[in-house]
Amino acid sequence: MVIPSHTQVAIIGAGPSGLLLGSLLAREGIDAVILEQRTPDYVLGRIRAGVLEQTTVELLERAGVADRLHREGLPHEGFDLCFGGARHRIDLKRLTRGKQVVVYGQTEVTRDLMDHRQGLGLPTVYEAEQVSLHGFDGTKPVVRYMHQGQPRELSCDFIAGCDGFHGASRASVPASALTQHERVYPFGWLGVLSRTPPVAHELIYSNHERGFALCSMRSHNLSRYYVQCSLQDQVEQWSDEAFWDELRVRLDPAAAQALVTGPSIEKSIAPLRSFVTEPMRFGRLFLAGDAAHIVPPTGAKGLNLAASDVHYLSSALIEHYRQGSDHGIEHYSARCLARVWKASRFSWWFTSLMHRFPQSELSGGAMGYRLQQAELEYLAQSEAAQTVMAENYVGLPF
Ligand code: APR
Ligand code: PHB
């Protein structure tokens with residue numbers, strides 16, 4: 001592949017945000033080059049959440065990458081909340097007048113986007129090192145990087161910073177131009193992937209005195225489970241047996257009995273964080289996805305928020321190149337942030353409702369636990385409360 005030295009949109013990062021943006025722009029004949037610091041295998045090795053909102057599915061359809069998702073994805077019309085030793089179903093479909101979500105791993109979404117891009121012969125530079133961004137406050141932005149030991153330059157009209165939480169894009173903006181909001185939660189999630197049938201057809205979110213647990217899946221024979229753990233825990237301290245024992249204790253008796261265990265294929269601990277950067281555009285640099293915001297995984301909003309940013313960004317760039325209007329560019333940040341804050345609020349609320357917090361916090365200790373039980377009982381009884389939850393879970397409109 002001859003690596004171009006000029007493009008219309010330089011995309012930093014080949015995660016779901018960068019790849020989806022690349023596909024949506026390609027459909028409109030807008031050129032883009034993606035610069036990714038890792039290898040394709042490394043990018044595909046990351047295991048993340050797997051619940052797609054209907055609007056995310058529609059965007060993947062529009063990008064032309066939804067065939068396998070339709071074949072292999074699992075439509076879910078509800079999920080269970082488990083507390084006090086019993087499960088209570090949240091009927092998403094009924095409560096939202098027909099909406100549902102699709103369980104399909106982020107890794108698979110990324111793989112489909114990568115294959116599609118490769119099939120179209122669109123340029124992606126993997127192992128692009130020392131990526132640095134220049135001139136985005138003017139009219140001629142440039143991205144410099146090293147590739148196979150050679151210095152390279154990519155000039156462009158716009159830069160899309162899709163390089164995740166630790167990327168170079170947000171870090172290139174002067175600190176005085178940014179407001180960053182952050183909360184780190186006082187616990188982590190220990191996750192296990194196992195080649196076993198899921199314990200139930202739908203997801204189970206459990207609030208237990210010993211901490212949160214989640215039963216999820218990737219397919220009919222691949223399960224994904226999580227238990228809340230201490231941030232001090234090391235993954236090596238958790239044998240498979242200890243994990244299964246802890247998960248079983250945190251479920252209702254019927255689920256505990258039905259649980260099929262097996263060797264873990266993957267086991268990792270992830271911290272939980274809420275983070276929002278404002279604004280999300282600086283001149284000709286746009287931030288999208290995890291580069292701009294992080295939500296705790298309770299409710300699986302991360303990938304869906306990345307998709308909505310990309311929807312606003314691709315529309316703005318298409319409007320610029322096709323209609324000569326910068327209206328979408330000027331409103332990009334405000335449009336994204338309106339949705340980002342609502343999803344951040346929901347993820348924070350769902351996290352607060354389901355996890356055991358330390359005594360020192362209002363939602364912690366024995367009193368916090370009793371308050372959670374009261375709210376969960378209210379949810380189980382109130383159609384209005386369930387509707388609020390369902391509407392947010394299936395995803396707010398763009
Ligand atoms: N230069 C080039 N590429 C970089 C750099 C850099 N300096 N820093 C990071 N990257 C790459 C990473 O290697 C990664 O492949 O940018 C990509 C960012 O991808 P993600 O972290 O997956 O972020 P995003 O595409 O926004 O996807 C958001 O990921 O964490 C989940 O819940 C989140 O599902 C959501 C999704
Ligand atoms: C997952 O399957 O990894 C998953 C599902 C739902 C969540 C979080 C993670 O809320």
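Annotation: lysines with alpha-carbon distance below 23 angstrom to residue 99 (same-chain offsets under eight excluded): 301, 342. Charge dipole (Cα centre; +1 on Lys/Arg Cβ, -1 on Asp/Glu Cβ; no other charges) of the stretch 1-106 amounts to roughly 420 debye.
Cβ-to-Cβ counts within 10 Å put 179, 96, 351 in ascending order as 179, 96, 351, the fewest first. Considering every alpha-carbon pair of the chain, the percent of pairs per 10 Å bin, from zero through the bin containing the longest distance, is 5, 23, 31, 24, 13, 4, 0.
Taken about its Cα centre, the chain carries a charge dipole of roughly 300 debye when the Cβ of each Lys and Arg holds +1 and the Cβ of each Asp and Glu holds -1. Across every direction, the projection of the convex hull enclosing the Cα atoms of the stretch 326-379 has a mean area of 4.8 nm². Over all orientations, the stretch 270-375 has a Cα convex hull whose mean projected area works out to 7.6 square nanometres.
In units of 2.2 N^0.38 Å, what is the alpha-carbon radius of gyration of the stretch 229-320?
Working: Rg = 19.6 Å, N = 92, 2.2 N^0.38 = 12.3 Å.
In units of the 2.2 N^0.38 Å rule of thumb, it is 1.60.
Run lengths n ≥ 4 of DSSP H only: what is the helix-derived mean residue ellipticity at 222 nm for the chain, with -39500 (n - 2.57) per run over all residues, to the nearest 500?
Working: 13 runs with 144 residues, N = 398.
Rounded to the nearest 500, the figure is -11000 deg cm²/dmol.
Of the trypsin sites (Lys or Arg not before Pro) found in the stretch 92-136, the ones in coil according to DSSP and having at most 10 other Cβ atoms within 10 Å of their Cβ are 97. Placing unit charges on the Cβ atoms only, positive for Lys and Arg and negative for Asp and Glu, gives the stretch 287-398 a dipole magnitude near 120 debye about its Cα centre. Binning the alpha carbon pair distances of the stretch 28-95 at 5 angstrom intervals from zero yields the distribution 3, 10, 13, 16, 19, 15, 8, 7, 5, 2, 1, 0, expressed in whole percent.
Working note: Debye formula, equal point scatterers on the alpha-carbon atoms of the stretch 71-127, no solvent; log10 I(q)/I(0) at q = 0.15 Å⁻¹ is -0.66. When the Cα positions of 251, 1, 311 are compared along the charge dipole of the chain, 311 comes out farthest toward the positive end, with charges on each C-beta of Lys, Arg, Asp and Glu. The Cα center of the stretch 321-349 and the Cα center of the stretch 1-39 differ in position by 21 Å.
Going from the fewest other Cβ atoms within 10 Å to the most, the residues 194, 308, 230 appear in the order 230, 194, 308. Scaled against the 2.2 N^0.38 Å expected of a compact globular protein of N residues, the Cα radius of gyration of the stretch 153-259 reads 1.52. The base-10 log of I(q)/I(0) for the stretch 117-212, evaluated at q = 0.16, 0.17, 0.18 Å⁻¹, reads -0.89, -0.92, -0.97 [Debye formula, identical scatterers on Cα atoms, solvent excluded].
As a size descriptor, the averaged projected area of the C-alpha convex hull of the stretch 208-276 was calculated at 5.9 nm².
Please give me, ordered by residue number, the GluC sites (Glu not before Pro) of the stretch 317-375 that lie in loop per DSSP and have at most 13 other Cβ atoms within 10 Å. Write down the numbers at each step before the final one.
Working: sites: 319, 330, 361, 375; in loops: 361.
Filter output for the stretch 317-375: 361.
Ordering 162, 215, 229 by the number of other Cβ atoms within 10 Å of each residue's own Cβ, fewest first, gives 229, 215, 162.
Restriction of the GluC sites (Glu not before Pro) in the stretch 193-294 to DSSP coil positions whose beta-carbon has at most 16 other beta-carbons within 10 angstrom yields 209.
Where a number appears in this text, it was derived from the coordinates with a stated rule and is not lab data. Fair warning: this is a prediction, and the values are worked out from it, not measured in the lab. Glycine gets a Cβ as well: all are built from the backbone with ideal geometry, and neighbour counts include every protein chain shown.
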